[in-house]
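The values are calculated or read from the model by the stated rules, or taken from the named source; none is laboratory data. Note that the structure is a prediction, hence the values are computed from the model and not measured. Backbone-built Cβ (ideal geometry, glycine too); neighbour counts: all protein chains shown. Ligands, DNA and RNA are excluded from the accessible area calculation, which covers all protein heavy atoms including side chains. Shrake-Rupley method; radii C 1.70, N 1.55, O 1.52, S 1.80 Å.
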Amino acid sequence: MKPFISTRNANAKSVDFAQAILSPAADSKGLYTLASLPTIDFSALLDSSYSDLCKAIFTHLRVEVDSSVLDTALNCYTSFDDPNNPAPITQLENAYFLELFHGPTRAFKDMALCPFGSLFSSLAKVQDTHYLILTATSGDTGPATLTALASKPNVKVVCLYPDGGTSQVQALQMQTAAAPNLKTLGIVGDFDTAQSLLKSLLNSPEFTSKIAQKGYKLSAANSVNFGRIAFQIIYYVWGYMELVRKGAIKWGEKLAVSVPSGNFGNALGAFLAKSMGLPLGQIIIASNQNNILTELITSGVYDITDRSLHKSISPAMDILKSSNVERVLFYLYGDKRTKELLESLESTSRYALSQSELAKLQEHFCAWWGDDTKAREMIRAAFGKGYVLDPHTALAYGAHCAINPSQKTLVCATAEWSKFAPSVVEAIFDKRVDDKQAIQIMLDSGSTIGADIEELFRKPKIHTQVLSSQAVEEAILQWL
């Protein structure tokens, strides 16, 4: 049996890693995921480099990729601030910030999408097949996908983002993407609108047929694609090992993890690492005022019946339909129950876990949420201690402080402050300015910034179309 199966039908045809990456739409509208999770003695990998750690874990996961292809993909980390340590750690008391933003677009999505882009293109080239890759973004996935796949052979990319629903820097990163194989489209609506459109296109036989006539197969770069998740497992293992190497913890000591979460892919990486034997304690899910995940984890009910999306200063978490919860449901309750729950969500906009199912979920996860006021409060608190947080990481820090500040916690720092500079400046200095002015204020205060961010404001905007959902399919076909 090949290692990947559908979350909604475990008896359907299993596939290998290449097929799960290249064609991520699984049977019964499910997601591809590992049929079973191996138990790994991570302590034996303690002295590995980041790339060697990834190779070893992929071997355990039965991710069969030609070694030269994987080496090329992992070589992307040489473009990070420190090639030997792409995810360094900064400590504030018992909060250990795992900085996942040292790649080209200054957000955690680079950690997975940089190698994913290279890997996808290589696999497509080996198969002599051309792919149209769709991605929907709440802000960071889009820029990272476009950067990772720019000018790569055998792929074209269409990025969908909610117009007005990202930061200015994030929008500029997408609008100025210059490679000829890239197309960015603004969508009227919010991220859930963009993500629903993406899923609709992926599951549309008519759209698939139309692009096939133009010589393309269809794929996706969102975290519905397990290729993204595979790389997101690695940095939790790396973070734990770094703390052991630094003497901050001893091997086997339970380490809590706090994750600012919207679509749940980042949290899923922690859950899978824990399930395979990494000594993690509670995985704390931090939400903003769109606190659907907090409700699920505390009450067992996922209900968006009367919910509307609230825009916040942490826009990557402005999500009500959280895709990767599905994979957690699969591992905890099996494919049949997962299908039942997700079909209930699709037909009635809600589902409810039983008490025993909720107890099982709470063995791994706890949850907390904070609004924009709380996010600003945590930004100010950290700045007073000499550290600059973006609004998403601020809520993960808030969750750590609220739930158990005496517990050593690995806090996922998901973006450089520069991507949300106006919100950071408003929190610290009580000034309302635009992105360019805010960045200068922070630089004057002694903060540092990725060079590519400063360059953005001098680049021409190439992609300026904003469309209704109904107009997107035709726009993509015309571009192809």
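Give Lys152, Lys125 a once-over and let me know the one that is in a loop (DSSP other than H, G, I, E, B) and among the charged types (D, E, K, R).
On the way: Lys125 fails: in a loop (DSSP other than H, G, I, E, B).
Among Lys152, Lys125, only Lys152 is in a loop (DSSP other than H, G, I, E, B) and among the charged types (D, E, K, R).
Taking the range 30-49 as the range and being buried (at least 18 other Cβ atoms within 10 Å of the Cβ) and either modelled with pLDDT under 95 or within 30 Å of Leu132 (Cα to Cα) (or both) as the test, the residues that pass are Gly30, Leu31, Tyr32, Thr33, Leu34.
Is it fair to say Ala375 is closer than 24 Å to Ala438 by Cα, touching a strand residue (DSSP E or B) at 6+ places or on another chain (Cβ under 8 Å) and not in a loop (DSSP other than H, G, I, E, B)? Quick ask: steps written out before the conclusion?
On the way: closer than 24 Å to Ala438 by Cα: yes; touching a strand residue (DSSP E or B) at 6+ places or on another chain (Cβ under 8 Å): no; not in a loop (DSSP other than H, G, I, E, B): yes.
Against the criterion (closer than 24 Å to Ala438 by Cα, touching a strand residue (DSSP E or B) at 6+ places or on another chain (Cβ under 8 Å) and not in a loop (DSSP other than H, G, I, E, B)), Ala375 does not qualify.
Here is a yes/no grid of residues against (1) farther than 30 Å from Leu218 by Cβ; (2) in a loop (DSSP other than H, G, I, E, B):
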residue	(1), (2)
Gly398	yes, no
Val424	yes, no
Ala427	yes, no
Lys431	yes, yes
Met442	yes, no
Glu454	yes, no
Val472	no, no
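Any idea which residue in the range 400-414 is most open to solvent (accessible area, probe 1.4 Å), counting only those that are in contact with a Phe, Trp or Tyr (Cβ under 8 Å, 6 or more places away or on another chain) and not in a helix (DSSP H, G or I)? Show your work before the answer.
Going residue by residue through the range 400-414, those that are in contact with a Phe, Trp or Tyr (Cβ under 8 Å, 6 or more places away or on another chain) are 402-403, 408-414.
Of the ones still in play, those that are also not in a helix (DSSP H, G or I) are 408-414.
Working: Lys408: 57, Thr409: 1, Leu410: 1, Val411: 0, Cys412: 0, Ala413: 2, Thr414: 8 Å².
Taking the candidates together, the pick is Lys408.
Restricting Val237, Val158 to residues that are open to solvent by less than 10 Å² (accessible area, probe 1.4 Å), part of a strand (DSSP E or B) and not small (Gly, Ala, Ser) narrows the list to Val158. The residues in the range 355-372 that are of a type in the set (Gly, Ala, Ser) and part of a helix (DSSP H, G or I) can be counted, and the count is 2. Is it the case, given these coordinates, that Ala95 is farther than 21 Å from Phe420 by Cβ and open to solvent by less than 10 Å² (accessible area, probe 1.4 Å)? Answer is no for this residue. Could you list, in sequence order, the residues of the range 298-316 that are buried (at least 24 other Cβ atoms within 10 Å of the Cβ), modelled with pLDDT of 90 or more and of a type in the set (A, V, I, L, M, F, W, C)? Scanning the range 298-316 gives a single hit, Ile313. Restricting to the range 168-177, give me the number of residues that are open to solvent by 20 Å² or more (accessible area, probe 1.4 Å) and either in contact with a Gly (Cβ under 8 Å, 6 or more places away or on another chain) or at pLDDT 95 or above (or both). Number satisfying all stated conditions: 2.
Residue count for the range 128-149 under the criterion of being of a type in the set (Gly, Ala, Ser) and part of a loop (DSSP other than H, G, I, E, B): the result is 2.
How many residues does the range 291-311 contain that are of a type in the set (D, E, K, R) and more than 16 Å from Gly262 (Cα to Cα)?
If we filter the range 291-311 for residues that are of a type in the set (D, E, K, R), which is where we start, we get 295, 303, 306-307, 311.
Pick out the ones that are also more than 16 Å from Gly262 (Cα to Cα) and you get 306.
Summing the residues that are of a type in the set (D, E, K, R) and more than 16 Å from Gly262 (Cα to Cα) in the range 291-311 gives 1.
Residue count for the range 39-49, restricted to those that are under 18 Å from Lys274 (Cα atoms) and either touching a residue at least 12 places away in the same chain (Cβ under 8 Å) or in contact with a Lys or Arg (Cβ under 8 Å, 6 or more places away or on another chain) (or both): 7.
For Phe264, are the conditions met, namely being in contact (Cβ under 8 Å) with a residue 60 or more places away in the chain, among the aromatic types (Phe, Trp, Tyr) and within 20 Å of Ser23 (Cβ to Cβ)? When the stated conditions are applied, Phe264 does not pass them. Tyr387 passes every criterion in (1) assigned to a loop (DSSP other than H, G, I, E, B); (2) in contact with a Gly (Cβ under 8 Å, 6 or more places away or on another chain) apart from (2). Considering (1) over 21 Å from Phe420 (Cβ atoms); (2) touching a residue at least 40 places away in the same chain (Cβ under 8 Å); (3) touching a Lys or Arg at 6+ places or on another chain (Cβ under 7 Å), the lone condition that Pro153 does not fulfil carries the number (2).
Provide a single number: the residues in the range 283-313 that are of a type in the set (Val, Ile, Thr) and within 19 Å of Ala427 (Cβ to Cβ).
Selection size over the range 283-313: 1.
Among the residues of the range 160-181, write down those that are touching a residue at least 60 places away in the same chain (Cβ under 8 Å) and not hydroxyl-bearing (Ser, Thr, Tyr). Working first, answer last.
First pass over the range 160-181, keeping only residues touching a residue at least 60 places away in the same chain (Cβ under 8 Å): 160, 163, 165-170, 172-178.
Within the range 160-181, Leu160, Asp163, Gly165, Gln168, Val169, Gln170, Leu172, Gln173, Met174, Gln175, Ala177, Ala178 qualify.
Among residues of the range 425-476 being among the hydroxyl-bearing types (Ser, Thr, Tyr) and under 30 Å from Val388 (Cβ atoms), the one that is most open to solvent (accessible area, probe 1.4 Å) is Thr448.
When Ala421 is tested against (1) over 22 Å from the mean Cα position of the chain (by Cα); (2) open to solvent by less than 40 Å² (accessible area, probe 1.4 Å); (3) at pLDDT 95 or above, exactly one condition is not met: (1).
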